[in-house]
Amino acid sequence: MRTQLLDANKQEAIFTAARILKDGGLVGIPTETVYGLAANALNGKAVAKIFAAKGRPMDNPLIVHISEFNQLYKLVKDVPEAAKKLADKFWPGPMTIILPKADIIPDEVSAGLDTVAVRFPSHPAARALIDAAGLPLAAPSANLSGHPSPTTAEHVMNDLNGKIEAVLDGGPCGVGVESTVITLATNPPRLLRPGGITLEQLREVLGEVEMDNAVLNPLQNGVRAASPGMKYKHYSPKANVIIIDSDFDAYRSYVNHHSVEGTAALCYNGEDAGLTVPTICYGGEDDYGEQARELFDALRKLDDIHAKTVYARCPEPKGVGLAVYNRLIRAAGFEVLHLG
Ligand code: TXA
Ligand code: MG
């Protein structure tokens, strides 16, 4: 199959992409978080193609994207007050809400669960496309399963060229990590995946919000994942990533003393001067938003330079930094070295 690369700023490209989706095809789409791989969420056969193109395990459910709050009513059993409050504050935007699903949701979307994840993205091209198609769109991140999520159309093409009908190029993503996922199907509500909307912000609106154990820790043997996506090794570059939890001096000294062929550093901006190994920077030390925006591109660049062992600076798990930490410890297979 030839994958068309379409310019998201052109109205005719939106119509072309909408036509492909109405016909049951797949389109890579820009959102404010990461690029998504979209299909008609109400068509189980179309949704099944997403799993095939990504090589995604069938037991990992998808997020359904809408372009107006009212579209939520058709997708879930009931819209509780908490959902209205969250939507009021954070939609359109990088937050996904999980609720008991309506019968209209195909099993391919919910992977057999009785809940569905819904998000109203803020990216103008994503909203225009949902409107033009007149359909809710099921969309996971548009990477091959196990690869870092794509934050540019080029990343999507690198992973899926020849496997999907089209990619809508809307430029680099503003947030850079996937949406915050909160379930309202439990009491109290629970954060399943940190993202651009922070735990602190969710608590301001809802009061009590629990953080799922899988946000910071590997899933224990025999424990069922609240969010199936959490149990897979994710976001991995080909290299073995090790997080170094220390100040910069101890990090620099450790890295420079452990430098062999294929060693690389994933560090903060401006730190490369002190390091004797190849470096990829992923933002300023105190700029969690920039770290989120840069992380996935940095992980892909480590593959481009053929890094074998990567020593990474340890993100602060605060605010949006919690999302950065959550992604990076998965890329590192939870390997963290505490120094000093
Ligand atoms: O920002 C985002 O959320 C991006 C863009 C494209 O919207 N999408 C995205 O989708 O990151 P994906 O499939 O890569 O991640 C969805 C996560 C997975 O961890 C999945 O297990 C979880 O949400 N999830 C989806 N439906 C769920 C449900 N009903 N219950 C629990 N977890 C669910
Ligand atoms: Mg994903």
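GNM on the chain, alpha-carbon springs under 10 angstrom: the most fluctuating residue among Arg313, Arg56, Arg224 is Arg224. Lys-Lys pairs in the stretch 48-180 that are eight or more residues apart or on separate chains and whose Cα atoms lie under 18 Å of each other come to 7.
Is the stretch 6-120 rounded, prolate or oblate when judged by the Cα gyration tensor, a ≥ b ≥ c being the square roots of its eigenvalues, rounded requiring a/c under 1.5 and prolate requiring a/b larger than b/c? Oblate, since a/c reaches 1.5 and b/c is not below a/b.
Roughly how tilted is helix 81-90, in degrees to the nearest 10 and between 0 and 90, from the longest Cα axis of the chain? That helix lies at roughly 60 degrees to the long axis. When you filter the chymotrypsin sites (Phe, Trp or Tyr not before Pro) in the stretch 35-126 for DSSP loop state and at most 10 other Cβ atoms inside 10 Å of their Cβ, nothing is left. Based on C-alpha pairs under 8 angstrom that are at least 6 apart in sequence, the stretch 149-252 has a relative contact order of 16 percent.
If the segment from Val223 to Glu12 were pulled out straight at 0.36 nm per residue, it would be longer than the present Cα-Cα gap by 71.2 nm. When both bridge partners sit in the chain, DSSP labels roughly 35% of those beta bridges antiparallel. Around the Cα centre of the stretch 12-115, unit charges on the Cβ atoms of Lys, Arg, Asp and Glu (plus for the first two, minus for the last two) sum to a dipole of about 140 debye. By other beta-carbon atoms within 10 Å, ranking Thr186, Thr279 with the fewest at the front produces Thr186, Thr279.
Short-range pairs are left out: with C-alpha atoms under 8 Å and at least six residues apart, the relative contact order of the chain is 19 percent.
At full extension, Val260 and Met1 could sit 89.0 nm farther apart than now, given 0.36 nm per residue minus the alpha carbon distance. Think of each Lys and Arg Cβ as +1 and each Asp and Glu Cβ as -1; about the Cα centre, that makes the dipole of the stretch 74-121 roughly 280 debye. Seen against the Cα atoms of the chain and their longest principal axis, helix 124-133 is set at about 30 degrees. Just checking the listed ones, Ala226, Ala142, Ala18: in the Gaussian network model of the chain with Cα springs under 10 Å, the one fluctuating most is Ala226. For the chain, the longest principal axis of the C-alpha atoms and the axis of helix 44-54 are separated by about 20°. Charge dipole of the chain (Cα centre as origin; +1 on each Lys and Arg Cβ, -1 on each Asp and Glu Cβ, all else neutral): 1040 debye, rounded to the nearest 20.
Which residues does the label zone of Ala250 cover in the stretch 293-321, counting backbone N under 17 Å from a point 7 Å along Cα→Cβ? What the label zone holds, given the 17 Å backbone N cut-off, is 311-317.
Among Phe248, Phe334, sorting on how many other beta-carbon atoms sit within 10 Å of each Cβ, with the fewest leading, yields Phe334, Phe248.
The residue list Ala82, Asn70, Ile243 was ranked by how far each Cα lies along the charge dipole of the chain toward its positive end, using unit charges on Cβ atoms, and Asn70 comes out on top. Applying the criteria of a DSSP loop state and at most 11 other Cβ atoms within 10 Å to the GluC sites (Glu not before Pro) of the stretch 146-214 yields Glu208.
Only the coordinates and a few stated rules stand behind these numbers; no lab work does. What you see is a predicted model, and the numbers here were worked out from it, not measured in a lab. Cβ coordinates were reconstructed from backbone atoms using ideal geometry, including for glycine residues, and neighbour counts include every protein chain displayed.
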